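**Student:** Can you keep this structure in mind? I'll have questions shortly.
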Amino acid sequence: DIFIPDYRLVPEYHLDDAVHDVTLAYEYLIYERGILPENVTLLGISSGGGLVVLVLQALAKSRRAYEDGKIGSYVPMPAGGVLMCPFVDYTEPKGSMREYIKHDLIVNQAVYEEGIPYLEKVLGCHENRVRASPCYCDFYGLPPLCICVSQHEIVYDQTMLLAKRAEDHGVDVTVGVWKYMCHVFPMLCAFIPEGRASFKFMCDWIKDH
């Protein structure tokens, strides 16, 4: 089964509101629908991938607070998270985020110029943007992650940074990399073989976990 939550979006709302809403949606599945956490996998596409990581990091932080005796309960982790071409670095664009807009079919120059200013508008100064970026946050206690990305799209560098930092913190990370594909190329699975292959890659990972 697929469950798609309706959550508040940036820039009308703050990033924390989205994390709160998705966490509540996950709690609804566990406590209201009676679905076991080990039977739930969170999946996020692009900025939704970053949101999945933030939710998992919030759950892990809550568990640590429980273990330290600071709170009386915590929400158990899901089986894992699937990140499709995740946008996880909210600092000033660099590397592939700047260089690949020239030939990315999805996040082109127009999208870049329209969307990037929201980062400063919503999050403020550089220090706030670092603290809000999933790739720079704490990965201790996160469940297994499956990451799908193109080597030639805008989020490649930050995705690989996230994968490395997660692995350094003991997280089981599986990364699938395709060449010469645009941002969120798995969504083109009905049209291109690389999209179908990447989609199968993620589905197989979910079945195995």
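**Student:** Does TYR118 satisfy being over 22 Å from MET181 (Cα atoms) and at pLDDT below 90?
**Tutor:** yes
**Student:** Any residue in the stretch 102-119 that is more than 25 Å from ALA18 (Cα to Cα) and of a type in the set (Asp, Glu)?
**Tutor:** Looking for residues that are more than 25 Å from ALA18 (Cα to Cα) and of a type in the set (Asp, Glu), one finds at least one in the stretch 102-119, hence yes.
**Student:** Still on this structure, please answer the following. Condition test on MET181, is it in contact (Cβ under 8 Å) with a residue 12 or more places away in the chain, over 23 Å from ALA79 (Cβ atoms) and in a loop (DSSP other than H, G, I, E, B)?
**Tutor:** It is true that MET181 is in contact (Cβ under 8 Å) with a residue 12 or more places away in the chain, over 23 Å from ALA79 (Cβ atoms) and in a loop (DSSP other than H, G, I, E, B).
**Student:** Only residues that are touching a residue at least 24 places away in the same chain (Cβ under 8 Å), in a loop (DSSP other than H, G, I, E, B) and at negative phi: list them for the stretch 94-135, please.
**Tutor:** Answer for the stretch 94-135, where residues must be touching a residue at least 24 places away in the same chain (Cβ under 8 Å), in a loop (DSSP other than H, G, I, E, B) and at negative phi: LYS94, HIS103, ASP104, LEU105, ILE106, VAL107, SER133.
**Student:** Kindly indicate whether ASP89 is charged (D, E, K, R), under 23 Å from TYR13 (Cβ atoms) and surrounded by 14 or more Cβ atoms within 10 Å (Cβ to Cβ).
**Tutor:** yes
**Student:** Okay, next question. Could you check, for the stretch 145-165, whether at least one of its residues is of a type in the set (Gly, Ala, Ser), outside any helix (DSSP H, G or I) and in contact with a His (Cβ under 9 Å, 6 or more places away or on another chain)?
**Tutor:** Scanning the stretch 145-165 turns up at least one residue that is of a type in the set (Gly, Ala, Ser), outside any helix (DSSP H, G or I) and in contact with a His (Cβ under 9 Å, 6 or more places away or on another chain).
**Student:** When the stretch 192-209 is examined, which residues are found to be at pLDDT 95 or above and assigned to a loop (DSSP other than H, G, I, E, B)?
**Tutor:** ILE192, the sole residue that qualifies.
**Student:** Among the residues of the stretch 26-48, is any of a type in the set (A, V, I, L, M, F, W, C), open to solvent by 70 Å² or more (accessible area, probe 1.4 Å), farther than 21 Å from TRP205 by Cβ and in a helix (DSSP H, G or I)?
**Tutor:** For the stretch 26-48, residues of a type in the set (A, V, I, L, M, F, W, C), open to solvent by 70 Å² or more (accessible area, probe 1.4 Å), farther than 21 Å from TRP205 by Cβ and in a helix (DSSP H, G or I): absent.
**Student:** Next question. I'd like the residue in the stretch 62-75 that is outside any helix (DSSP H, G or I) and surrounded by 14 or more Cβ atoms within 10 Å (Cβ to Cβ) and, out of all such residues, is farthest from the chain's Cα centre (by Cα).
**Tutor:** Result: TYR74.
Table: residues versus (1) within 15 Å of THR159 (Cα to Cα); (2) among the hydrophobic types (A, V, I, L, M, F, W, C); (3) at pLDDT below 95.
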site	(1), (2), (3)
GLY34	no, no, no
THR41	no, no, no
GLY49	yes, no, no
GLN57	no, no, no
SER73	no, no, yes
LYS94	yes, no, yes
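The values are calculated or read from the model by the stated rules, or taken from the named source; none is laboratory data. Nothing here was measured: the structure is a model prediction, and the numbers come from that model. A quick note on method: Cβ atoms are made from the backbone with ideal geometry, for glycine too, and the neighbour counts reach across all protein chains shown. Calculation scope for accessible area: heavy atoms of the full protein, side chains included, ligands and nucleic acids excluded. Shrake-Rupley method; radii C 1.70, N 1.55, O 1.52, S 1.80 Å.
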